[in-house]
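Novice: Below: one structure in structure tokens.
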Amino acid sequence: MATQTIEVPGVPGDLVEKLDERAKEAGTTRAELVLQLLRRELGGDASGVQSRTFAEILKPIHDHTERMGYTEEDLDFLFEQARDEVYRERIARESKSPA
């Protein structure tokens, strides 16, 4: 499929700044981010699969933990706690199941 370049006049500076911030967070360029947004909004890429970067998927979680003031140590502790709980539940479930 041939590609084209488009120009959008009248984009406010604050919107361009937001694009640049989001692109930086996602580890991509402004142009690639705009292309991703267009694909998502208008129906995916050529394969029909809509994709998001890992950074985009985790952004709401990152924003929430930042707002809450959690440190990396806090998050490490929470994840270790959750992992240990899942492990204990699995061990308990396996010990109850017939062999």
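The values are calculated or read from the model by the stated rules, or taken from the named source; none is laboratory data. Computed from a prediction, not measured in an experiment: that's the story for all the values here. Note: ideal-geometry Cβ built from the backbone for every residue, glycine included; neighbour counts use all protein chains shown.
Novice: Could you tell me which of the residues F79, F54 is within 16 Å of the chain's Cα centre (by Cα) and among the aromatic types (F, W, Y)?
Specialist: On the way: F79 fails: within 16 Å of the chain's Cα centre (by Cα).
Result: F54 is the single residue among F79, F54 that is within 16 Å of the chain's Cα centre (by Cα) and among the aromatic types (F, W, Y).
Novice: So, one more: Looking only at residues that are among the acidic types (D, E) and either at pLDDT below 90 or outside any loop (DSSP other than H, G, I, E, B) (or both) in region 1-43, which one is surrounded by the most Cβ atoms within 10 Å (Cβ to Cβ)? Show your work before the answer.
Specialist: Kept after step one, since they are among the acidic types (D, E), are these residues of region 1-43: 7, 14, 17, 20-21, 25, 32, 41.
Now restrict to residues that are either at pLDDT below 90 or outside any loop (DSSP other than H, G, I, E, B) (or both): 14, 17, 20-21, 25, 32, 41.
Values: D14: 8, E17: 10, D20: 13, E21: 11, E25: 16, E32: 13, E41: 9.
Applying the filter and picking the extreme gives E25.
Novice: Restrict the check to region 44-59 and report whether at least one residue is assigned to a helix (DSSP H, G or I), surrounded by 12 or more Cβ atoms within 10 Å (Cβ to Cβ) and modelled with pLDDT of 90 or more.
Specialist: no
Novice: Among the residues of region 63-85, write down those that are among the β-branched types (V, I, T) and surrounded by 10 or more Cβ atoms within 10 Å (Cβ to Cβ). Step through it out loud before you land on a result.
Specialist: Kept after step one, since they are among the β-branched types (V, I, T), are these residues of region 63-85: 65, 71.
Listed by number, the list holds a single entry, T65.
Novice: Enumerate the pairs (first residue in region 24-37 and of a type in the set (A, V, I, L, M, F, W, C); second residue anywhere and exposed (fewer than 14 other Cβ atoms within 10 Å of the Cβ) and not in a helix (DSSP H, G or I)) with beta-carbon separation below 6 Å, excluding pairs fewer than 6 apart on the same chain, so at least 6 apart or on different chains.
Specialist: none
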